[in-house]
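First up is the structure itself, then whatever we jot down about it.
The values are calculated or read from the model by the stated rules, or taken from the named source; none is laboratory data. Keep in mind that this is a model prediction, so the values were computed, not measured. All Cβ positions, glycine included, derive from the backbone under ideal geometry; neighbour counts span all protein chains shown.
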Amino acid sequence: MSALHIALQQAAESRGVAVSDLETFDFPFQNIRDISPLRQLTKAWSLGLIGNNITDIRPLEELMELQLLNLHYSSISDLSPLRRLAKLEELDLQNNGLTDIRMLAELPALIRLYIGANPELEDLSPLWEMTTLTGLDIGEISESMDFSFVQQLTELQSLLLYRSGLRDIRFLEPLRNMRWLWLNYNSIRDISALAGMQKLDTLHLISNPGVDLTGLQALPQLKQLSLEENHLSDLGSLSGLTSLEYLFLSDNEIEDLGPIRGLTQVKSLSLANNRVKDLSPLLNLDQLRNLSLSHNPVSDNDPVIEQLREKGVKVNLNGPQCSLR
């Protein structure tokens, strides 16, 4: 009996149902190839198979109730068995070596699609007409591709375009419904095109050296902002972002924290690998609970650190920065 058979039986027993009545099933990182036992899951609406060695997904074509399917980190090239999954809303195909995504346009219910990190994928034209998409990952596919078609996808609420060779992001301007935007590891300088995204609450701009932060002043509603690895020294453009709760500024050249003293809603702040000496502005951050200060010219006996800890702040001064996300 295969490990997959056993896992199915165990999942069914733990829930007190037959295997055929399982509605959700996850089997991550088990290096399986044969998924034929999954044919039984005719009532399943969610299936997670991340990190396996799957090449043949024909056993999934009868799972007509599927709404969420995660095939991240597999080796799938033929997507045609998905054609019959008319209820599929979310599909994760990252890191699969995809070359052809034409059939995805035939999935009528699909609204969230993740196909990033498929560098052999040369043609994204099937996405042009998928105007009902609300979530899309097309990062790390190509640094020379024209992504301007994205401006047609005006229902998008989340978009990942990391490692995409971006310099000019004016094509993002029409995306007024955006809530979550990931633009890490590009060469973006001008972010004024984001000014109309008044619903945006999460913005990732890690490693865009030379980015002009003045454009952030148009986004006072931001709650999470990632600006690591940008050679930043001046935080003046952040002073008006008074809704921020999570702020990530590691690996920059920051000395003066004065401009962020008014960000009183910040709960988590990462300042690792900077040049900060004066921590006194942080005493104004009444909601602060997590603070990473490793690799700054400050010591554990700094009176401000003592005061922060007395207020219940978890301060990390040594070694790798703590995970605040």
Confirm whether PRO174 is touching a helix residue (DSSP H, G or I) at 6+ places or on another chain (Cβ under 8 Å) and surrounded by fewer than 19 Cβ atoms within 10 Å (Cβ to Cβ).
yes
Subset of region 185-203 (residues that are assigned to a loop (DSSP other than H, G, I, E, B), of a type outside the set (Asp, Glu) and closer than 20 Å to LEU241 by Cα):
ARG189, ILE191, ALA195, GLY196, MET197, GLN198, LYS199, LEU200
Which condition number does ALA86 fail, the rest of (1) touching a strand residue (DSSP E or B) at 6+ places or on another chain (Cβ under 7 Å); (2) free of Cβ contacts under 8 Å to residues at least 24 places away in the same chain; (3) over 22 Å from THR55 (Cβ atoms) being met?
(1)
Out of (1) within 25 Å of the chain's Cα centre (by Cα); (2) at pLDDT 95 or above; (3) exposed (fewer than 14 other Cβ atoms within 10 Å of the Cβ), what's the single condition that is false for ASN316?
(3)
On the basis of being touching a Ser or Thr at 6+ places or on another chain (Cβ under 9 Å) and within 20 Å of TYR114 (Cβ to Cβ), does ARG167 make the cut?
no
Quick check, is THR242 touching a Gly at 6+ places or on another chain (Cβ under 8 Å), among the β-branched types (Val, Ile, Thr) and within 21 Å of LEU194 (Cβ to Cβ)?
yes
Have a look at LEU194, LEU181 and point out the one that is touching a His at 6+ places or on another chain (Cβ under 8 Å) and either of a type outside the set (S, T, N, Q) or under 20 Å from LEU219 (Cα atoms) (or both).
LEU181
Which members of region 201-260 meet the condition of being in contact (Cβ under 8 Å) with a residue 60 or more places away in the chain and among the hydrophobic types (A, V, I, L, M, F, W, C)?
PHE248
Of those in region 204-221 that are of a type in the set (Val, Ile, Thr) and part of a loop (DSSP other than H, G, I, E, B), the residue surrounded by the fewest Cβ atoms within 10 Å (Cβ to Cβ) is ILE206
Can you pull out every residue in region 57-73 that is closer than 27 Å to VAL17 by Cβ and assigned to a loop (DSSP other than H, G, I, E, B)?
ILE57, GLU61, GLU62, LEU63, MET64, GLU65, LEU66, GLN67, LEU71, HIS72
Could you give me the residue pairs with C-beta distances under 6 Å whose first residue belongs to region 152-180 and is more than 9 Å from THR134 (Cα to Cα) and at pLDDT 95 or above, whose second residue is hydroxyl-bearing (Ser, Thr, Tyr) and part of a loop (DSSP other than H, G, I, E, B) wherever it lies, and which are 6+ apart or on separate chains?
TYR162/TYR185; ARG163/TYR185; ARG167/SER187; PRO174/THR154
Among residues of region 68-110, those that are under 19 Å from THR42 (Cβ atoms), exposed (fewer than 15 other Cβ atoms within 10 Å of the Cβ) and not charged (D, E, K, R), counted
2
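Every residue, every condition in (1) of a type in the set (Lys, Arg); (2) farther than 29 Å from MET130 by Cα; (3) in contact with a strand residue (DSSP E or B) (Cβ under 7 Å, 6 or more places away or on another chain); (4) at pLDDT 95 or above, yes or no:
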{"position": "HIS5", "(1), (2), (3), (4)": "no, yes, no, no"}
{"position": "GLU13", "(1), (2), (3), (4)": "no, yes, no, yes"}
{"position": "SER46", "(1), (2), (3), (4)": "no, no, yes, yes"}
{"position": "ILE50", "(1), (2), (3), (4)": "no, no, yes, yes"}
{"position": "MET103", "(1), (2), (3), (4)": "no, no, no, yes"}
Would you confirm whether any residue within region 39-46 is part of a loop (DSSP other than H, G, I, E, B), closer than 24 Å to ASP78 by Cβ, without any contact (Cβ under 8 Å) to a residue 24 or more places away in the chain and among the charged types (D, E, K, R)?
no
